[in-house]
1. Could you list, in sequence order, all residues of the stretch 54-79 that are out of contact with any strand residue (DSSP E or B) (no Cβ under 8 Å at 6 or more places or on another chain), assigned to a loop (DSSP other than H, G, I, E, B) and either surrounded by 12 or more Cβ atoms within 10 Å (Cβ to Cβ) or not assigned by TED's automatic domain parsing to the domain that holds P117 (or both)?
2. Could you list, in sequence order, the residues of the stretch 143-165 that are surrounded by fewer than 21 Cβ atoms within 10 Å (Cβ to Cβ) and closer than 18 Å to A89 by Cα?
3. So how many residues does the stretch 91-134 have that are assigned to a loop (DSSP other than H, G, I, E, B), surrounded by 15 or more Cβ atoms within 10 Å (Cβ to Cβ) and over 13 Å from the mean Cα position of the chain (by Cα)?
4. Of the residues R125, R218, which is more than 18 Å from T58 (Cβ to Cβ) and either in the same structural domain as M94 (by TED's automatic domain parsing) or touching a helix residue (DSSP H, G or I) at 6+ places or on another chain (Cβ under 9 Å) (or both)?
5. Write out, first by first residue and then by second, each pair whose Cβ atoms fall under 7 Å of each other, whose residues are 6+ apart or on separate chains, and whose first residue, in the stretch 125-142, is under 15 Å from V99 (Cβ atoms) while the second is surrounded by fewer than 18 Cβ atoms within 10 Å (Cβ to Cβ) and β-branched (V, I, T).
6. Criterion first (over 17 Å from the mean Cα position of the chain (by Cα), within 24 Å of V75 (Cβ to Cβ), surrounded by fewer than 23 Cβ atoms within 10 Å (Cβ to Cβ) and modelled with pLDDT under 95) does S171 satisfy it?
Amino acid sequence: MALSGQSNNASGLTAKRSYRLFIAGLIALAVISFIGCGTSQDDKEIVEDSLVWYPGRTFSYKLKFNDLQVKQHAVASAIGLSRPPQDRADAASMRKQLVEIKTNENYIVDSLTHSVPYLIPCAKRELDAIGAEWADILQRNNLPHYRFYVTSVLRTQEDIKYLQRSGNINSVTQSCHCYGTTFDLAYMRYDKVARTRAYMHEDNLKLVLGQVLLNHQRAGKIFVKYEAKQSCFHITVRQ
């Protein structure tokens, strides 16, 4: 009888352990299910497997965007800041003449190391207009939305000296960037915003941006210089 009692006790303990494991398993499944339900569609990786294209006609950027420094500087010094700022503190003292530019739905202000994110008001409006037309072209052609990069804005004389020491051949002392009228747009870097399977090549996005700039150049709103070594469009507002 003692052996039988011990056997019954052992069976009871085994049943309790099994029950506890069963309950723990149910709890674990419930937690996993809850976490899975809480994962939004946006958190899931999108496989980009559908290449799409802007059907615009290609053109020579070098030939179309050849507004030289002397032409751009003449306008910049005429409509921009009264004088080039010497350093960051000097630029800060001129803030009443400037407007800050910030990353938005159409462009990203890059991590600026040799400039500060400020433009005179008409240059800021022109940059925003370029961004709006860029977005409109992508939308009208049923293309995924991307943002372009603003890589250089207002430079101080101190910034220019640093650039010259680093060997940047385009950093001249009498720079258009010193007047708040000028900004650079990268043409081989873009940020995809739309979460779609469709994607575009950088060279085709460059064509979209180039078309926008060509439209604004022809309308007399901007000067544009194609800078191949810096991989950017150098733009000075004209009005």
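1. Across the stretch 54-79, the qualifying residues are Y54, G56, F59.
2. Q157, E158, K161, Y162
3. The qualifying residues number 6.
4. R125
5. none
6. Details: over 17 Å from the mean Cα position of the chain (by Cα): yes; within 24 Å of V75 (Cβ to Cβ): yes; surrounded by fewer than 23 Cβ atoms within 10 Å (Cβ to Cβ): yes; modelled with pLDDT under 95: yes.
Yes.
Here is a yes/no grid of residues against (1) of a type in the set (F, W, Y); (2) within 22 Å of V70 (Cα to Cα); (3) not assigned by TED's automatic domain parsing to the domain that holds F233:
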residue: A135; (1), (2), (3): no, no, no
residue: P144; (1), (2), (3): no, no, no
residue: Y149; (1), (2), (3): yes, no, no
residue: D159; (1), (2), (3): no, yes, no
residue: M188; (1), (2), (3): no, no, no
residue: V193; (1), (2), (3): no, no, no
residue: M200; (1), (2), (3): no, no, no
residue: L207; (1), (2), (3): no, no, no
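The values are calculated or read from the model by the stated rules, or taken from the named source; none is laboratory data. Nothing here was measured: the structure is a model prediction, and the numbers come from that model. Neighbour counts are summed over all protein chains in view; Cβ atoms, including those assigned to glycine, are modelled from backbone coordinates with ideal geometry.
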